[in-house]
Every structure is written in structure tokens, then in C-alpha cells.
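The values are calculated or read from the model by the stated rules, or taken from the named source; none is laboratory data. Source: prediction; values computed, not measured. Cβ placement follows ideal geometry from the backbone for every residue including glycine, while neighbour counts extend to all protein chains displayed.
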Amino acid sequence: MKRAYFIMVVIAFVTGAIFLLWHLLQPARAGLSIESSPPSAVYLNGHKVGETPYRNYHLHPGDWQIKLVVDHKQWTWKRTISVPADTRVLVQREFRDPISQGRVMYLLPTHEKTKAGCFLTSLPPKASVTLDGEMKGFTPLSLADIGAGNHHFVFSLPNHDNQELELQTIAGYRLVAEVDFGPTITVTATPTPTLAVVAKIKIKETPTGWLRVREKPSRGSPEIAKVTPGKKYPYRGEENGWFKIEYQPGKTGWVSGQYAVKVD
């Protein structure tokens, strides 16, 4: 009986050692969640792996090239992201013509078991960060302890829409969050319409009390109308000392510059 008991103990010990050794030799795993609006095809390191929402909790830790493609809009976003071991990284992307913006977030284990810190970055950098209504600084921003629980973050950058996040922090973990604002929004001022200043021709006093309007800029050209001294007519051009005027709506002719002057 003692021999059998000893053998059972040895087997149990060896089995436990093998299980522990197998566990220790297992490669570390990393998780990746990808969400997008609208839904998009997901490529990892150049290979299509599915569509959003995408989940894979059995990745090898390291750098992964992520590409999202919205086929019907021909929108594409590509980025290489580092996925730490024993961590689940959440990638969110929003496509809005002609830009896209998004976030990358995960919780990283730390040795500070009673603290819940955060590290906040943005693209472009220098975004102001408000935490639970209080201004904390500018990205990149590291806060040692903000307390475990739910928090409201607001990232602000000139010429971009504010990015607001509701995130939970956990004691013993550091929240890592990156906000990608997308390209700069250029605000183009709409030009104020202005009224064009139309020059006019004012008829001078004449010996006859009227001035001939001729078909062409020449004294030998046929007379087509008469205009009254002191009146102004829209200017339509000039040639060889003659002014072309619109003496009636839609009708033009020429008057001698000897008896006419251009005015605003």
C-alpha cells in the first residue's frame, strides 16, 4: 500500500510539474478588437481576416499592420499598432467623408496595485485634455493615479472636432489611450459678394442739344439714335476716341469722345 501511495504521489507531482512547465512554455497571447463605422473589411499584415466588428484574442504580441477598407466608399485606413502581451487592444475608427478619425485603447498591468493611472496621446499632439470636467494638460500626458472607476475624457485641438471618451480605469492597471483627430479641418471663409462698379459715359453739352449715336466709331457711320446731354449711359468699350454705350437695354452704339466723358 505504501508503495502504491508513493507511486500515486510521484505521478501527481510529475503531472503537476508537466502542466506548470507547459503553461510556462506557452507563448504569451494578445487580444485585438476592431470596430468601425461604417463596417469595413479587416486586413492584418496584408491578409484579409474578416470584417468589423472583429475579435481575435489569440494573437502573438508585437506589431501588427491593420488596414480597414470600406469598399463601397473606397475609404481606406492603415496603421501599424503594437499589441502588448496579455492585453486586449481596442481599435475604433469612424469614416466620414472626406476624413476619418479614431481611437486606440488598452489596459496595461503595472506593479502599482493600488493605483489606476493613464497615459494619453493624440495625433496630432498638443491636444488639451479635460478629465471629469477639470483641465489636466496637453498630450502626451501621463497621470500616475486618477482613481479606479468610470471617467469622462475630452480631447480638444484647434480646427478639429472634440473627442469625448467614457472609459473605466482599474487599480493595478494603466489606461493607455490614443486619439486620432484625423486631418486638419480647413475652414474656408465664404467671400462676401461685392457689386461690380460699372463705368458709365456722361454726355456733355452740345451745340444742338443732343448727340448722335452711330453704328460704328466713325463720323461717316450711319446714325442709329440720339442721346441727351447730362445723361449717363453704361460704358461698353472704346476705340479711336469713341465710346461704345448701351443707349437702350440691349442696344449699343458709338458716341464721339469730344462730347462724352467716362465716369464711375
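Take the residues in the range 172-193 that are modelled with pLDDT of 80 or more and farther than 30 Å from K113 by Cβ; name whichever of them is farthest from the chain's Cα centre (by Cα). Going through the qualifying residues, I end up with D180.
For the range 247-264, a residue qualifies if it is among the polar types (S, T, N, Q) and under 10 Å from P234 (Cα atoms), and the qualifying residues are Q248, T252. Pairs meeting the criteria (first residue in the range 47-76 and farther than 15 Å from A30 by Cβ, second residue at pLDDT below 90 and assigned to a loop (DSSP other than H, G, I, E, B), beta carbons under 8 Å, at least 6 apart or on different chains) are K73/D97; W75/D97.
Give the residues of the range 109-135 that are touching a strand residue (DSSP E or B) at 6+ places or on another chain (Cβ under 7 Å), surrounded by 17 or more Cβ atoms within 10 Å (Cβ to Cβ) and not aliphatic (A, V, I, L, M), sorted by residue number. Of everything in the range 109-135, those that are touching a strand residue (DSSP E or B) at 6+ places or on another chain (Cβ under 7 Å), surrounded by 17 or more Cβ atoms within 10 Å (Cβ to Cβ) and not aliphatic (A, V, I, L, M) turn out to be G117, C118, T121, S122, S128. Scanning the range 161-175 for residues that are acidic (D, E) and in a loop (DSSP other than H, G, I, E, B) yields one hit, D161.
When the range 219-244 is limited to residues that are of a type outside the set (S, T, Y) and part of a loop (DSSP other than H, G, I, E, B), the one that is nearest to A199 (Cα to Cα) turns out to be K231. The set of residues from the range 137-166 being buried (at least 17 other Cβ atoms within 10 Å of the Cβ) and either touching a residue at least 60 places away in the same chain (Cβ under 8 Å) or among the charged types (D, E, K, R) (or both) comprises just one member, Q163. Is it true that V69 is assigned by TED's automatic domain parsing to the domain that holds Q163, assigned to a strand (DSSP E or B), within 25 Å of the chain's Cα centre (by Cα) and at pLDDT 90 or above? No, not satisfied.
Against the conditions (1) touching a residue at least 60 places away in the same chain (Cβ under 8 Å); (2) more than 14 Å from R174 (Cα to Cα), T110 satisfies every one except (2).
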